[in-house]
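Enquirer: Have a look at this one.
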Amino acid sequence: MTPPRANRYRDHWAGELRAEQIGEQPRVAGWVHRRRDHGGLIFIDLRDRSGLLQLVFRPEEAAEAHAAAGRLRAEDVISATGELVRREEGTVNPNLPTGEVELAVSGFDLLADAETPPFQIDEDEPVGEELRLRYRYLDLRRERMRDVMVLRHDVVKTIRDHLSERDFLEIETPILTRSTPEGARDFLVPSRLIRGSWYALPQSPQLFKQLLMVGGIERYFQIPRCFRDEDFRADRQPEFTQLDLEMSFVDEDDVFDLIDPLLQRVLALGGIEVELPLEQVSYDEAILRYGSDRPDRRLGVEIHDLTEVFRESGFKVFRGAVDAGGVVRALRARGDFPRSRIDKLEEKAKSLGAKGLAWAVVEDGGWRSPIAKFLSDDEVARATAAVEAREGDVILFAADRADVAAKVLGGLRSDVAEGEPSGHDIFWVVDFPMFEWSEGEGRWDALHHPFTSPSGDLDADPGTWRSRGYDVVLDGWELGGGSIRINRPDVQQKVFSALGIEPEEAEERFGFLLEALTYGAPPHGGIAFGIDRIVALLAGRDSIRDAIAFPKAASGADPLTGAPSPVDERQLRELGIKVDAPPGS
Ligand code: ASP
C-alpha cells in the first residue's frame with residue numbers, strides 16, 4: 001500500500017514494517033487483534049487493513065504503557081509508537097510478513113473501546129451466516145473478507161482500465177425507471193408526486209444502453225446494480241452488480257475480440273490462466289453433448305446419440321420415441337453402480353422429466369439389463385460401440401423429446417462423473433435458437449431477450465430462427481451473456497409479434513425504444529457479466545454473498561439493517577397506498 005500521510009494516528013501501515021526499518025520510531029494505528037501476557041511482557045497483535053504487527057510492552061522500559069496495555073481488550077482501537085526492533089531469536093514468525101520485527105511500545109492512545117465481539121475476529125472458525133450478516137462490519141474485519149474486498153476492487157479496476165484504454169465511456173443510467181425486459185419480476189417504487197404511478201428498478205440497463213448507441217456514444221460501459229425480484233434460490237441476490245457494455249458498428253467477432261483479453265486479465269487475478277482466443281461452441285453441440293447450454297465440460301461424461309441405432313428397434317419404448325420425432329440418447333459411466341445407485345439416478349431422471357431410466361451393464365460382451373431381452377444382438381453391439389463402453393460400464397438411456405432427453409442426461413452427468421472436476425474450462429456458447437417454446441404459457445419465449453437480433457429466414461416459423469446471442473461459460477457457470485441487437489423497428493416489431501406482443505402492447509411498453517430506432521440506430525451489440533459471481537469464483541468461495549460487502553441473507557432480508565421493514569402509516573397515506581396483508585405475512 002502507499003504509505004499513509006503522517007498524522008497524529010499513524011505514519012506507517014502496521015503490516016508493512018520490515019527489518020530494514022529497525023531502529024525507526026514508527027507510529028501505527030488499528031485494532032487489538034489478539035493479546036497475550038507472557039511473564040511480565042504483554043504482546044499485542046495490532047491489525048490494520050495492511051496486516052498484523054506485533055507490539056511488545058515491557059514493564060521496565062515503559063511502565064505506564066505496560067500497565068494500560070494490561071487493560072486492553074480484543075478489538076479496542078489504539079494508536080501506538082515506539083522503536084521497531086528485531087524479534088528475539090526463536091520468536092521470529094515466518095508466516096507473517098512482519099514476522100521478523102516488533103514494535104517496542106513507548107506509548108499509545110486508546111482511541112475507542114470495543115465490546116466483546118459476538119464471534120472471534122482473529123480466527124477463521126466458521127460462524128453462522130445470520131450472525132456474520134447481522135454484524136457484517138465485524139465480519140469485514142476478518143482476513144477472508146478483507147481479501148475478497150481487495151480482489152473485488154482489483155476486478156472492477158481491471159475492467160475499468162481495459163475498457164477505458166479502448167475508448168469506452170463509463171455512463172450511469174437511471175435506477176428509477178420503467179419496467180425492463182429481462183423476464184424477472186420488477187421491484188416497484190411508488191411515486192408520491194404522481195399518485196398511483198410506479199417506477200420500476202432496472203433489471204438491467206439494456207434499453208438505456210441501446211439508447212446510448214442511438215445517441216452516438218459508440219462505446220459505453222457501466223458497473224451497474226441490477227434488481228430482480230425473484231423467488232428464493234440458493235445463491236441469488238435481489239440486487240446484484242454487472243459489468244454492462246455496448247458498442248456500435250460491430251459484429252460478434254468485435255465483441256469476442258474485446259472480451260477475450262478482458263477475461264484473460266480478470267481471471268489472472270484469481271490465478272486462472274486462459275489461452276486465447278476462447279473456444280466457441282455452438283448451442284446445438286453443447287446441448288447434444290452435455291445436455292446444457294452452460295455445461296461443466298470438466299466432468300468429462302458426454303451424451304451419445306443412439307437414435308439411428310434404435311430407429312427400427314423392436315423395443316417399443318425406444319422405437320416409440322423415435323417414431324414420435326424424438327431421440328434415444330445415452331450416457332456411459334464408469335465405476336460402481338449397485339442397484340441402489342441406479343434407483344437414485346432413476347429418481348432424479350424422473351424429477352427432470354423422464355418417464356423412467358433404462359440402463360444396461362456391459363457384461364461378457366453383452367448387456368445385463370431389464371431391457372436386454374427386447375433388443376437384438378446387433379443393436380447391443382452397435383450401441384456399446386457408439387458409447388465406447390467396456391466391460392463393467394453402465395449405460396443410461398433417455399428416449400424422449402430431444403429437449404427432455406438433453407435435460408435428463410445433462411442433469412445426470414454430475415452424478416456419474418468420476419472424481420471431482422479439476423482445472424478450469426472457459427468458452428463461448430454461440431448460435432443460439434432465437435426462441436424456446438414455453439409449454440406452460442403456450443408461446444415462444446426469447447432465449448436471450450427480445451432485443452437480440454434474429455438471424456435466418458424471418459418469414460419461416462419462429463421456431464427455426466437463430467439468434468445472434470452469445471454466452472461465456474466458466475466451469476459450468478454462465479459468467480455473462482449478450483448479443484448483437486436489433487437496430488430496425490420493423491425487425492423489432494416482428495420479434496415482438498413472434499413473442500405474442502402485439503403492436504399496441506409493444507407501443508405501450510417499449511414505444512420509446514421503437515421510436516428511437518426510427519431515428520437512425522447504428523448496428524450495435526454488447527454483453528453483461530455478473531461481477532459478484534466472477535469475484536466469488538476467483539476467490540474460491542461457494543456463495544456470491546461472500547463477494548458482496550453487504551448482501552441480503554438467503555431469505556432476501558438484511559439482518560444488519562432489518563430491511564425490508566414496515567413503514568409509517570403517514571408515508572403510506574402520502575403515497576396513496578393501503579396495505580391489506582398484515583406485516584410478516
Ligand atoms: N441485458 C442483458 C442481461 O442483463 C445482457 C445483454 O444482453 O447485454 O442479461
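Since every read-out is calculated from the coordinates, none of them should be taken as a lab result. All values derive from a computational prediction rather than experimental measurement. Methodologically, a virtual Cβ is constructed for each residue, glycine included, from the backbone with ideal geometry; neighbour enumeration extends over all protein chains shown.
Enquirer: With the checklist (1) within 16 Å of the ligand (Cβ to nearest atom); (2) of a type outside the set (A, V, I, L, M); (3) free of Cβ contacts under 8 Å to residues at least 12 places away in the same chain in hand, flag the one item SER483 doesn't pass.
Expert: (3)
Enquirer: Within segment 24-64, can you find the residues that are of a type in the set (Gly, Ala, Ser), surrounded by 15 or more Cβ atoms within 10 Å (Cβ to Cβ) and farther than 19 Å from PRO3 by Cα?
Expert: Selection gives ALA62 alone.
Enquirer: If you take just the strands (runs of 3 or more DSSP E) that sit entirely in segment 313-431, which of them hold at least 3 residues that are touching a residue at least 40 places away in the same chain (Cβ under 8 Å) and closer than 30 Å to PRO261 by Cα?
Expert: Of the strands (runs of 3 or more DSSP E) lying wholly inside segment 313-431, those with at least 3 residues that are touching a residue at least 40 places away in the same chain (Cβ under 8 Å) and closer than 30 Å to PRO261 by Cα span 426-430.
Enquirer: Got a sec? Which strands (runs of 3 or more DSSP E) wholly within segment 196-285 have at least 3 residues that are within 13 Å of the ligand (Cβ to nearest atom) and either among the β-branched types (Val, Ile, Thr) or under 22 Å from ILE175 (Cβ atoms) (or both)?
Expert: Where strands (runs of 3 or more DSSP E) fall fully within segment 196-285 and carry at least 3 residues being within 13 Å of the ligand (Cβ to nearest atom) and either among the β-branched types (Val, Ile, Thr) or under 22 Å from ILE175 (Cβ atoms) (or both), they are 219-222, 225-227, 239-248.
Enquirer: Report yes if some residue within segment 422-432 is surrounded by 18 or more Cβ atoms within 10 Å (Cβ to Cβ) and of a type in the set (Asp, Glu); otherwise report no.
Expert: Scanning segment 422-432, I find at least one residue that is surrounded by 18 or more Cβ atoms within 10 Å (Cβ to Cβ) and of a type in the set (Asp, Glu), so the answer is yes.
Yes or no, residue by residue, for (1) surrounded by fewer than 17 Cβ atoms within 10 Å (Cβ to Cβ); (2) outside any helix (DSSP H, G or I); (3) not hydroxyl-bearing (Ser, Thr, Tyr):
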{"position": "ASP471", "(1), (2), (3)": "no, yes, yes"}
{"position": "ARG533", "(1), (2), (3)": "no, no, yes"}
{"position": "ALA536", "(1), (2), (3)": "no, no, yes"}
{"position": "ASP546", "(1), (2), (3)": "no, no, yes"}
{"position": "PHE550", "(1), (2), (3)": "yes, yes, yes"}
{"position": "SER565", "(1), (2), (3)": "yes, yes, no"}
{"position": "LEU572", "(1), (2), (3)": "yes, no, yes"}
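Enquirer: Just a yes or no: is a residue in segment 82-94 in contact (Cβ under 8 Å) with a residue 12 or more places away in the chain, among the basic types (Lys, Arg), surrounded by fewer than 19 Cβ atoms within 10 Å (Cβ to Cβ) and part of a strand (DSSP E or B)?
Expert: Yes.
Enquirer: Output yes when any residue across segment 18-39 is basic (Lys, Arg), in contact with a helix residue (DSSP H, G or I) (Cβ under 7 Å, 6 or more places away or on another chain) and closer than 30 Å to VAL148 by Cα, and no when none is.
Expert: no
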